[in-house]
There are 4 protein chains.
Amino acid sequence: MIPTPPRTAILLIACPDRPGIVAAVADFIQRHGGNIVYLDQHVDRQEDAFFMRIEWQLDAFDLDDTRLISSFQEEVAGPRAMDWQLHYSDRRPRVALLVSKDAHCLYDLLSRHEADELDIDIPLVLSNHAHLRGATERFGIPFHVFPITAATKAAQEAAEHALLVENAIDTLVLARYMQILSPEMVARYPHRIINIHHSFLPAFAGARPYHQAYARGVKIIGATSHYVTSDLDEGPIIAQDVIRVSHKESVTDFVRDGKDLEKIVLARAVRAHVGRKVLVYKNRTIVFT
Amino acid sequence: MIPTPPRTAILLIACPDRPGIVAAVADFIQRHGGNIVYLDQHVDRQEDAFFMRIEWQLDAFDLDDTRLISSFQEEVAGPRAMDWQLHYSDRRPRVALLVSKDAHCLYDLLSRHEADELDIDIPLVLSNHAHLRGATERFGIPFHVFPITAATKAAQEAAEHALLVENAIDTLVLARYMQILSPEMVARYPHRIINIHHSFLPAFAGARPYHQAYARGVKIIGATSHYVTSDLDEGPIIAQDVIRVSHKESVTDFVRDGKDLEKIVLARAVRAHVGRKVLVYKNRTIVFT
Amino acid sequence: MIPTPPRTAILLIACPDRPGIVAAVADFIQRHGGNIVYLDQHVDRQEDAFFMRIEWQLDAFDLDDTRLISSFQEEVAGPRAMDWQLHYSDRRPRVALLVSKDAHCLYDLLSRHEADELDIDIPLVLSNHAHLRGATERFGIPFHVFPITAATKAAQEAAEHALLVENAIDTLVLARYMQILSPEMVARYPHRIINIHHSFLPAFAGARPYHQAYARGVKIIGATSHYVTSDLDEGPIIAQDVIRVSHKESVTDFVRDGKDLEKIVLARAVRAHVGRKVLVYKNRTIVFT
Amino acid sequence: MIPTPPRTAILLIACPDRPGIVAAVADFIQRHGGNIVYLDQHVDRQEDAFFMRIEWQLDAFDLDDTRLISSFQEEVAGPRAMDWQLHYSDRRPRVALLVSKDAHCLYDLLSRHEADELDIDIPLVLSNHAHLRGATERFGIPFHVFPITAATKAAQEAAEHALLVENAIDTLVLARYMQILSPEMVARYPHRIINIHHSFLPAFAGARPYHQAYARGVKIIGATSHYVTSDLDEGPIIAQDVIRVSHKESVTDFVRDGKDLEKIVLARAVRAHVGRKVLVYKNRTIVFT
């Protein structure tokens, strides 16, 4: 019913700002027969930094992957000290979900996946509990349990990592996974681990954020999806949203209403990430729309 | 054009929860000929605390102010260990605005006042700068400058206080007043000083919150109106609101867009306070609607 | 872990406004040993109409169901021309979901149900297509297909109704059910059929609301949950929410992003309804919080 | 304190989509020594239409206004059937405000103007009533009254137009101006008359939208700023925003709370328009950010 969209290439670029970057990149693509279907750029004046996302159709493009990489580096990127990433629309991200006991984010992502709303593969779900096995397997997705204690953490993470590698996973989504990943594990997936924290960060980092929010008497609660770094709840923020609360809501109500926030915000962050729309710069994100 | 609304009395009550409070209060008012036009109550189950706002028309009420106070205390409040406040709709709050150099909250409040949107008197505006004299005096409101330095602060606050007393001021509104009030000054107006802080508290308390927000890379910025206590930016929150931002906005944009938030949030808090709709309990507020 | 909450009774009351209603109702409950845990009332001054929701614990209440009904009618409701409904917290609403092909609302409601977030029974799901059979049966809930054509509609609705009666269903939730119910079917469940319409009603009633919204160039799209009446998309609104859009979103994006709105708004409406928090008056709702 | 920003040129472009447009425009600017500081483009796939806003610094640009126009038309725009507009950052829009009796939008715009928040001149305010003369003249801005009746409308509009021409006005802002402009008047300022309507259009077009909203029982009310066309309330929407309401709010509350929406939404639309960020296409707007 929906025709396959044409195959595209996507470049994400960060470099020092200077005149002529847009013209140079657009000209390169144009000269090689690419039809630009998306271009957005951003200049951070304070940092004199330039950012760009550009996507073009490959039907008439005359460079294959290898030559694209070498030509672009030589002709455009090298002289301008660019950091750049190249993606192809037909290489689907392979995503592992990590969960603990709360089902709402898991269900939300799996039902979006089933409805073809997210252009990803989900080869497996990992958990430190058996609790959500049934919920996962209902969707025909393998579920692996790795119970974690202080004593077993290193070994279990190594085993998890082996499984992830074996499944060619490139992105981890912590869908209310209530274990802190070790710095080693985090370092294996730089800016490729997405977490959902149930507060409006940086307010209420750490444990029991809804309890903290209740104690402080805020009138709005939030959820934050961010890349995981070795600093807990301090990674670059991808998406946030909030809802109003009042004195009428108890902590239990915060927990319940917050679930809607969490699942929506996490899904938005995942969608931006897998759509190759996020660039990280100095612990902040540029999220192209 | 708009007829004068009937004169009402308003009771704000806080007490330990127990059966029969609503019935007792409603019955008291009813027995004395009062027609209840508003009743809202809230039970905090965690604290076993009961809160109520009740308002009734006085046309046929058979107790004058003195007898109302003594009868209510004796018959209803005393036996139930109630904290309570009594207000009359025809005693308008007398509000002083304190400002520094930013005009947006001042203009917003003065134009609401001129449009009869806020049921208050504004006998004067205080400032630590002369900057907004013209803006204030345009509205026919006296403007008083009290420059503050570390050396003069105590004396100047004493002079300000004398002026406030002389003008029978009961509520202070810090409409982007960029001086910290001394604990002594704060203590003179318990839960009667309203501040607007330009962040989503408790995130980004203290100085330059928009700069802090930019550095952290948040996707939403906020404003918080709260009662001032001796702990800076830690007082009970009355109102908060937020707007979305993205990487496209600079700190300058945050400052500009945040002004809209600040003025709206401050106005909401002032309206709730002067409408006798706010109860403070354990550094949180109950804001009846 | 979570203790069973105490059994409560809930009264929803609508009547002409007059002095003393709150006192009379509260006193009645109090006299019979009920402990009021929730009371909210609303006066519509334009209509001189009074509305109330009151809930009390039954532990020490001295009236059984029959005597409560007769005593309340005689002592309180009759003399004041009250419309009233009585509910008990331990009588769970029995809800049938009606779906067509879109899975998002179905999954959302079933996963909330599985997480015990909604205090209801869902004995069955009805559909005019077989499409969502698997999604439903995964949750262990019977799925019944009633294909509908103009020719078969009356007979099929009669068969559906028989099944609903057999299952003691009291509430229908149209979770993106793309068939219009006949007036006869609607009349069987007055203010007990909840629909989700994918626009901010009354804008874009009828077919293809996202297409309509796109054509009009709105900057915000919405979803509306309402009771179904015989006037299509004209019933009393229970809940609405919106999200911002821009020229960057296509109709396809509206459809995708709107799904998040639809499932959240429908869930809020269902929660309010089954929590006995909704009163309908003159095609508007009072939704107690 | 704030240094003058460098002088820039801004191009707004609409044309049929085809490969190479971005490259051609960027290359043109680059070749002539312009430093691009902003570029955003949008492709409407349904219409195969391309839209672009591009802004560049003029310090080292080697074309004056006349040659820029002719060269761009000849080299870039002509061959691609472009509709295009050229603006310079140092040519400030000259804006007339039209008001009736409500002060909130007027005060809001004048105080933003005084705070240098809007980069415009406001040479005059027009009204059909004398009511807001004082409010306007306080800000040192001339106020002109043109009472309008059916009999005098044509003559009065002619007089208004003469005054607008005399003052070199290019944009009209209807800041709650409660008169319908004649089609002739509208035709003189195509897509340069900005109105604020106090509803979420297309819901509740026409008179008394808050009353309509109340009668329909919506849970959210809105405000819409749009370009005025000869079809009342049907012009291209520039900005919209909403707030939640409940059964507790009366029409009077809608009117009061709606004022905050109206002033914020109108200001956003004015800011986008005068920042040369709005393109109109098929009665919709592209609003670059």
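For (1) within 27 Å of the chain's Cα centre (by Cα); (2) of a type in the set (D, E), each residue gets a yes or a no:
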| site | (1), (2) |
| --- | --- |
| A:V25 | yes, no |
| A:F28 | no, no |
| A:M52 | yes, no |
| A:E55 | yes, yes |
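Looking at D:D90, D:D116, just one residue is farther than 30 Å from C:A215 by Cβ and without any contact (Cβ under 8 Å) to a residue 60 or more places away in the chain, and that residue is D:D116. Among the residues of region D:68-81, is any touching a helix residue (DSSP H, G or I) at 6+ places or on another chain (Cβ under 8 Å), modelled with pLDDT of 95 or more and under 24 Å from D:R284 (Cα atoms)? Yes, some residue in region D:68-81 is touching a helix residue (DSSP H, G or I) at 6+ places or on another chain (Cβ under 8 Å), modelled with pLDDT of 95 or more and under 24 Å from D:R284 (Cα atoms). Scanning region B:194-212 for residues that are surrounded by fewer than 21 Cβ atoms within 10 Å (Cβ to Cβ) and either at the interface with chain A (Cβ under 8 Å from one of its Cβ atoms) or among the β-branched types (V, I, T) (or both) yields a single hit, B:P202. Looking across region A:244-254, the residues that are within 9 Å of another protein chain (Cβ to nearest Cβ) and of a type in the set (V, I, T) come down to A:V251, A:T252.
Somewhere in region C:156-175, is a residue under 18 Å from the mean Cα position of the chain (by Cα), modelled with pLDDT of 95 or more, assigned to a loop (DSSP other than H, G, I, E, B) and closer than 30 Å to C:I220 by Cβ? Yes, there is a match, as at least one residue in region C:156-175 is under 18 Å from the mean Cα position of the chain (by Cα), modelled with pLDDT of 95 or more, assigned to a loop (DSSP other than H, G, I, E, B) and closer than 30 Å to C:I220 by Cβ. Restricted to region B:118-134, and to residues there that are within 14 Å of chain D (Cβ to nearest Cβ) and surrounded by fewer than 17 Cβ atoms within 10 Å (Cβ to Cβ), the residue that is nearest to the chain's Cα centre (by Cα) is B:D119. Filtering region C:83-131 to residues that are under 21 Å from C:A168 (Cα atoms), small (G, A, S) and touching a His at 6+ places or on another chain (Cβ under 8 Å) leaves only C:S127. So is A:S182 assigned by TED's automatic domain parsing to the domain that holds A:S127, within 27 Å of B:E234 (Cα to Cα) and polar (S, T, N, Q) or not? Spelling it out, it is not the case that A:S182 is assigned by TED's automatic domain parsing to the domain that holds A:S127, within 27 Å of B:E234 (Cα to Cα) and polar (S, T, N, Q). Looking at D:D257, D:D233, D:D241, just one residue is part of a loop (DSSP other than H, G, I, E, B) and either charged (D, E, K, R) or more than 10 Å from chain C (Cβ to nearest Cβ) (or both), and that residue is D:D233.
When the residues of region A:1-55 are filtered to those that are touching a strand residue (DSSP E or B) at 6+ places or on another chain (Cβ under 7 Å) and of a type in the set (F, W, Y), the one that is surrounded by the fewest Cβ atoms within 10 Å (Cβ to Cβ) is A:Y38. Taking the stated definitions as given, is D:D108 of a type in the set (D, E), buried (at least 16 other Cβ atoms within 10 Å of the Cβ) and either touching a residue at least 24 places away in the same chain (Cβ under 8 Å) or over 29 Å from B:L109 (Cβ atoms) (or both)? In short, yes. With a requirement of 2 or more residues that are over 29 Å from B:H247 (Cα atoms), the strands (runs of 3 or more DSSP E) lying completely within region A:12-130 that satisfy it span A:121-127. With respect to the conditions (1) modelled with pLDDT under 95; (2) buried (at least 24 other Cβ atoms within 10 Å of the Cβ); (3) among the hydrophobic types (A, V, I, L, M, F, W, C), C:L232 lacks only one, and its number is (2).
Within region B:273-286, the set of residues being surrounded by fewer than 21 Cβ atoms within 10 Å (Cβ to Cβ) and part of a strand (DSSP E or B) comprises B:V280, B:Y281, B:R284. Examine region B:21-40 for a residue that is in contact with a Ser or Thr (Cβ under 9 Å, 6 or more places away or on another chain) and under 30 Å from A:T252 (Cβ atoms), and state whether such a residue exists. Yes, region B:21-40 has at least one match. Restricting A:D116, A:D170 to those that are at negative phi and of a type in the set (D, E) reduces the list to A:D170.
In the set (1) part of a loop (DSSP other than H, G, I, E, B); (2) more than 20 Å from the chain's Cα centre (by Cα); (3) at pLDDT below 95, D:I141 fails one condition alone, (3). Summed over region D:219-230, the residues that are part of a loop (DSSP other than H, G, I, E, B) and either within 7 Å of chain C (Cβ to nearest Cβ) or basic (K, R) (or both) give a count of 1. Just one of (1) under 17 Å from the mean Cα position of the chain (by Cα); (2) at pLDDT 95 or above; (3) facing chain D (nearest Cβ under 8 Å) fails for B:H104. It is (1).
Across region D:260-289, the qualifying residues are those that are of a type in the set (K, R) and at the interface with chain C (Cβ under 9 Å from one of its Cβ atoms), and the one among them that is farthest from A:T289 (Cα to Cα) is D:K282.
Note on region B:60-103: residues that are crowded, with 17+ Cβ neighbours inside 10 Å, under 30 Å from B:T136 (Cα atoms) and aromatic (F, W, Y) total 0. Just one residue in the set A:E160, A:E137 is surrounded by 14 or more Cβ atoms within 10 Å (Cβ to Cβ), acidic (D, E) and assigned by TED's automatic domain parsing to the domain that holds A:V245; that residue is A:E160.
Give me the residue from region C:22-44 that is in contact (Cβ under 8 Å) with a residue 24 or more places away in the chain and facing another protein chain (nearest Cβ under 7 Å) and, out of that set, farthest from C:P5 (Cα to Cα). Within region C:22-44, the match that is farthest from C:P5 (Cα to Cα) is C:V43. Kindly indicate whether any position in region A:87-98 is within 30 Å of C:D108 (Cα to Cα), out of contact with any Lys or Arg (no Cβ under 8 Å at 6 or more places or on another chain) and of a type in the set (S, T, Y). No - not one qualifying residue is present in region A:87-98. Could you list, in sequence order, all residues of region B:250-269 that are out of contact with any helix residue (DSSP H, G or I) (no Cβ under 7 Å at 6 or more places or on another chain) and either under 19 Å from D:K263 (Cα atoms) or crowded, with 17+ Cβ neighbours inside 10 Å (or both)? Across region B:250-269, the qualifying residues are B:D253, B:R256, B:D257, B:L261, B:V265, B:R268, B:A269. Would you mind stating whether B:A215 is in contact (Cβ under 8 Å) with a residue 24 or more places away in the chain and either away from chain A (no Cβ under 14 Å) or not in a strand (DSSP E or B) (or both)? Judged against the criteria, B:A215 is not a match.
The values are calculated or read from the model by the stated rules, or taken from the named source; none is laboratory data. None of these values were measured; they are calculated from a predicted model. Here the Cβ is made from the backbone with ideal geometry for all residues, glycine too, and neighbour counts use every protein chain on show.
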